[in-house]
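Read-outs throughout are calculated quantities, based only on the coordinates presented, and are distinct from any laboratory measurement. These numbers come from a predicted model, not from an experiment. Here the Cβ is made from the backbone with ideal geometry for all residues, glycine too, and neighbour counts use every protein chain on show.
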Amino acid sequence: MNPTDDPITVRPRGRLGKVGGRTFSVKFGYTMDRYRRMAMLVSVVERGSIRRAAGELGLTPSAVSQQIRRLEHEVGVTLFRRSTRRLTLTEAGEAFYVGCAAMVAAARSAHERLADLQDAAVGELRVSAPAGFAAIHLVSALAPFLAAHPALALRLIVTDEPVDIIRERIDLAITIARPLPSSSLVRKHLADWPLVLCASPAYLARRGAPRTPEQLAEHDFLSLPPSHHPSEELTGPAGQRHRLTLNPRVTSNNQFSIKQLTLMGLGLSFHVEPEVAAEFASGELVRVLPDWSGPTLSVDVLMPARTRQPAKIRMAVEALRGYLDRASVTRTKASRRNRVTSA
């Protein structure tokens, strides 16, 4: 009978390096191939024969037998006693198997832990977002999500400056801009938001409301730096276009501060419509040149490319998309009511 077909006999396990009062000298200096052979040894013992282990591993019995012999040569110890009837672990083999089995168990545990992370919203979620979006939309979108997943922690980076997603280990980066060129990052589109020009009633009462785009040159503007936004171009009701040349009175890298200064009556400013919808409804801000529209910006979430996105990222994206979809429906209904009331 071929020893590759015979069952494995495992006697009570000893400690690696010392069995029955005798110390074994084992060569070290591990490589990936040796780790693979150690795992193969565990499979042989667990399955009870080289043939059954070979079937599980997708190898021939002779290939597995060859790898076991090579492992014995590498460690300098005979691991199996071979006969025509059976294959039995030696005392050193039993001790060595204990360590190999622990290594395989640790690898399996790590894999299971990784699977848990892929399938459950746990750990830390790192999100970056512009200030206005974070204050109004992001917290509202993610608060129910966090409440439903107590094992999840949120690290929120609020900035209107560009973020190095890879270096800062950002899981999700919210951007509001013109559609971005292709890159190594994964992009998920969430919404399209139009830019609107607005001012406070106090400012318009003091300076007068512009009637044409040409009259905008007579007014004070509050703006982000040019690198943060597309050039302002207005489109009229008949499709005519007017490009603005701005010389802002106030320039800030924070959109929220621009909004606050606009509320205080210091000038005109562009904002994405959902971020000033509440101020329009309350009358704190009004649209300037309402028949003219600004560029439409794309609201996107960017994330590093992965073979499979963890559950916390997938669920957070869906929470954001669901919130923005519901908010869009609410704004549409409110706009229709306002038009009916005005009529």
Legend entry - Filter result (of a type outside the set (Val, Ile, Thr) and touching a residue at least 12 places away in the same chain (Cβ under 8 Å)) within region 240-256: 242, 243, 244, 246, 247, 248, 249, 252, 253, 254, 255, 256
Inset, instruction - Would you point out which residue out of 195, 222, 154 is within 18 Å of residue 126 (Cα to Cα) and in a strand (DSSP E or B)? - result: 154
Inset, instruction - Within region 204-216, identify whether any single residue is of a type in the set (Ser, Thr, Tyr), assigned to a loop (DSSP other than H, G, I, E, B) and more than 37 Å from the chain's Cα centre (by Cα), and answer yes or no. - result: yes
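Select from region 44-53 the residues that are under 21 Å from residue 91 (Cβ atoms) and not hydrophobic (A, V, I, L, M, F, W, C) and write down the one among them that is surrounded by the most Cβ atoms within 10 Å (Cβ to Cβ). Don't jump to the end; show me each part of the working.
Of all residues in region 44-53, those under 21 Å from residue 91 (Cβ atoms) come to 44-46, 48-50.
Filter once more, so that each one left must be not hydrophobic (A, V, I, L, M, F, W, C): 46, 48-49.
On the way: 46: 15, 48: 15, 49: 20.
Checked region 44-53; the qualifying residue surrounded by the most Cβ atoms within 10 Å (Cβ to Cβ) is 49.
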Inset, instruction - Pull up region 267-283, narrow it to residues that are small (Gly, Ala, Ser), in contact with a helix residue (DSSP H, G or I) (Cβ under 9 Å, 6 or more places away or on another chain) and in a helix (DSSP H, G or I), then point me to the one that is nearest to residue 198 (Cα to Cα). - result: 277
Legend entry - Lone unmet requirement of (1) surrounded by 14 or more Cβ atoms within 10 Å (Cβ to Cβ); (2) closer than 27 Å to residue 301 by Cα for residue 225: (1)
